[in-house]
Amino acid sequence: MAAGMKNLSRTFVWILMGMLIVGLAGFGAVNFSGSMTSVAIVGEREVTVDTYMRELQREQRALQAQTGQAMPMSQMTAMGLDQVVLGRLITLASIDNEVQQLGVSIGDENLLEELTKVPAFQNANGQFDRETYRFALDNAGFSEAEFEDDLRREAGRTLVQAAIMSGARMPETMADTLVAYIGERRSLTYVSIPKATVPLTMQMPGDEELQAFYDANIDLFTLPETKVLTYVHLSPAMLLDTVDVDETALKALYEERIAEYDVPERRLVERLVFADQDSAASAKAQLDVGGTTFEVLVQDRGLDLADIDLGDVTQADLAGAGAEVFAAEVGAVVGPLPSDLGPALYRVNGTLEARLTTFEDAQTELRDELAADRARRLIEQQSEPIEDMLAGGMTLEEVAKDSDVRLGTLNWTGANSEAIAAYDGFRSAAEQVTVDDFPSVDFLEDGSLFALRLDEVLPPRPEAFDDAREAVFQAWNDNRAAEAVAAQAEALLQEVTDAGAFPEDRELKTETAQTRTAYIEGTPGEMMIAAFEMEPGELRIVTDEDGAVVLRLDEILPAEDSAEMQMLKQALDSQLDQAVSQALFEAFAQDAQRRAAPRVDQQAMNAVQSSLQ
């Protein structure tokens, strides 16, 4: 019981959250007279004002921690969270009322035992301390009597919960049925008809034929809702030609980045460290006479090659061993040589040549970097005057005339990804802008400045035939190919139906014992779904945009009796048992709440919420 009591709060939070949908269905709102000590009466239990206030504050703090923003009480009320908190407390009070009616509780000895085990109530020696206990409760806003009463009620709820949920099992038929469904298998034969292999004669449709196809398939050529945007944009690239960079600054940046441009020669090295010089020398001697290999020496030390790999190192990185290691050929083992861990053998696995990029070679790259950085600073300086222009009522068109920004327009559908629409910052602004918004300056990831205006919103509408002509021709051609594939598939299906077998000149493909989730490359994604809808011997055509298959189901096989299926059954048994246990407890809690007939004092609730504004 003690272990159950420790986990009580967590258990009830998760189980009872599932009942919040019905948590407020069984009670009405009435006003009480008096001093408003409670916000609700639930049978013989109360939801006190203090309890309701604490729970609201706890919910408020949790939301603030989650969102990183202040969460005023007015916003919580607008979101309905005040009712969520009340529903949770009423559900708990309903269960407490039922537990009280059943006469379930714990004695003083058990209560004392639980209190002495709480770490927050113990002194430095791990012993229960009365003063520590009293201090902790004061900080939490509880009196001793209130806390101990809560602990008794929680223990009672735990006992009742265990009595209801323990031993509840779903009939095994349920899990067996699910395993049989999931593990059922199919064997099948099929012939693929790829669209690319179906011959088509060249045809060029006339305008009348394309117009007829366009009219019959107008949904294919309907444009989505479109925002007509006007925007101004100023990027660092637009200012590069206007930015001067002196050679002194370029040389200073080159010296600052010298490690990138003057890269010394490096070696790919492995290092095997030994306990002493004699052990290292003995190992080297065995290598020299062919008595062992470097890999065996590593294994004898209980290591892997990855454990001794130093990666690419410079001569300076190896200190006293550097000169000899860098003088060795690739594949050679040298040593014993010193290391910071003791005598070691070094194997050279590769050479990385030194690389020097002169100032003259790096000058263009450095100039572009410095110019871009200075261009970003210029944009930052111009942002405030541009913002002032917009705030003063100037249009984007007028701002473009009086500054360096460039004016542009865009029909925004959400699928745009060209030019400025490739930036996440612009995409976000375009999604959120409304016709009532005034343009304001914002920045993109590369330091660009932009501002935009929504001119109008165009509803979904057919694209003009002349504008869609190329798309209409492509769709007409795709449809023609699809019809040719379908015709060939229908002809094959009829041939197989008449003959009772696939023609010998066709390339047959077979799959054996495939499950519902199987993926067979080169076939339509719906093929396995169709296979599990068919009876043995049945034929069916399955198509997609790449072609078709003529499919025959050969055999239905049950789920195999494997370790994997046994594990699946065990997992399903556990989940189903948990589901029925929780359903039973929820039914108990709902019935307890209905019989407790909760009554809410709306005036008291309002007073608590007002005090938290």
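The values are calculated or read from the model by the stated rules, or taken from the named source; none is laboratory data. Just so it is clear, the structure is predicted and the values come from calculations on it, not from any experiment. FYI the Cβ positions are ideal-geometry reconstructions off the backbone, even for glycines, and counts take in every protein chain you see.
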Out of (1) in the same structural domain as Arg61 (by TED's automatic domain parsing); (2) in contact (Cβ under 8 Å) with a residue 12 or more places away in the chain, the one Asp591 does not meet is (2)
Is it the case, given these coordinates, that Leu568 is closer than 30 Å to Val542 by Cβ and not in a helix (DSSP H, G or I)? no
Having 1 or more residues that are among the acidic types (Asp, Glu), within 30 Å of Ala583 (Cβ to Cβ) and at pLDDT 85 or above is the bar; report the helices (runs of 4 or more DSSP H) wholly within region 17-80 that clear it. 49-67
Every residue from region 521-539 that is surrounded by fewer than 18 Cβ atoms within 10 Å (Cβ to Cβ), touching a residue at least 40 places away in the same chain (Cβ under 8 Å) and either closer than 12 Å to Thr189 by Cα or touching a Gly at 6+ places or on another chain (Cβ under 6 Å) (or both): Leu539
Flagged pairs (Cβ under 7 angstrom, 6 or more apart or on separate chains; first in region 157-175, over 25 Å from Leu102 (Cα atoms) and in a helix (DSSP H, G or I); second at pLDDT 85 or above and hydrophobic (A, V, I, L, M, F, W, C)) are Met174/Leu576; Ala175/Leu572; Ala175/Leu576
Do you know which residues across region 340-357 are more than 13 Å from Arg267 (Cβ to Cβ) and either of a type in the set (A, V, I, L, M) or in contact (Cβ under 8 Å) with a residue 24 or more places away in the chain (or both)? Leu341, Gly342, Pro343, Ala344, Leu345, Arg355, Leu356, Thr357
Long-range neighbours under 8 Å by Cβ, at least six apart or interchain, first residue at positive phi within region 320-339, second of a type in the set (Gly, Ala, Ser) and assigned to a strand (DSSP E or B): Gly335/Ala344
Of all residues in region 571-607, count the ones that are hydrophobic (A, V, I, L, M, F, W, C), assigned to a helix (DSSP H, G or I) and surrounded by fewer than 19 Cβ atoms within 10 Å (Cβ to Cβ). 9
What is the residue count in region 527-565 for residues that are in contact with an Asp or Glu (Cβ under 7 Å, 6 or more places away or on another chain), part of a loop (DSSP other than H, G, I, E, B) and within 30 Å of Ala499 (Cα to Cα)? 2
Name the residue, out of Thr434, Thr413, that is among the hydroxyl-bearing types (Ser, Thr, Tyr) and within 28 Å of the chain's Cα centre (by Cα). Thr413
Lone qualifier among Glu365, Glu360, Glu295 - being free of Cβ contacts under 8 Å to residues at least 40 places away in the same chain and more than 30 Å from Ala252 (Cβ to Cβ): Glu295
Residue count, region 550-568, condition under 36 Å from the mean Cα position of the chain (by Cα) and either surrounded by 18 or more Cβ atoms within 10 Å (Cβ to Cβ) or of a type in the set (A, V, I, L, M, F, W, C) (or both), comes to 5
Does any residue of region 491-507 turn out to be farther than 30 Å from Arg377 by Cα and either among the polar types (S, T, N, Q) or under 40 Å from the mean Cα position of the chain (by Cα) (or both)? yes
Name every residue in region 39-86 that is basic (Lys, Arg) and out of contact with any helix residue (DSSP H, G or I) (no Cβ under 7 Å at 6 or more places or on another chain), in order of residue number. Arg54, Arg58, Arg61
Of all the strands (runs of 3 or more DSSP E) wholly in region 242-352, which have at least 2 residues that are farther than 30 Å from Ala375 by Cβ and within 44 Å of the chain's Cα centre (by Cα)? 266-273, 309-314, 344-352
Within region 262-281, identify whether any single residue is in contact with a strand residue (DSSP E or B) (Cβ under 6 Å, 6 or more places away or on another chain), modelled with pLDDT under 90 and among the acidic types (Asp, Glu), and answer yes or no. yes
Just to check your reading of the model, which residue among Glu146, Glu209, Glu154 is at pLDDT 90 or above, among the acidic types (Asp, Glu) and not in a loop (DSSP other than H, G, I, E, B)? Glu209
Candidate set: region 434-466, residues that are farther than 19 Å from Ala391 by Cβ and touching a Pro at 6+ places or on another chain (Cβ under 8 Å); chosen: the one surrounded by the most Cβ atoms within 10 Å (Cβ to Cβ): Ser448
Given the options Ala120, Ala124, name the one that is in a helix (DSSP H, G or I) and assigned by TED's automatic domain parsing to the domain that holds Arg58. Ala120
Criterion (surrounded by fewer than 16 Cβ atoms within 10 Å (Cβ to Cβ), in contact with a strand residue (DSSP E or B) (Cβ under 6 Å, 6 or more places away or on another chain) and not small (Gly, Ala, Ser)) met by exactly one of Thr48, Thr116: Thr116
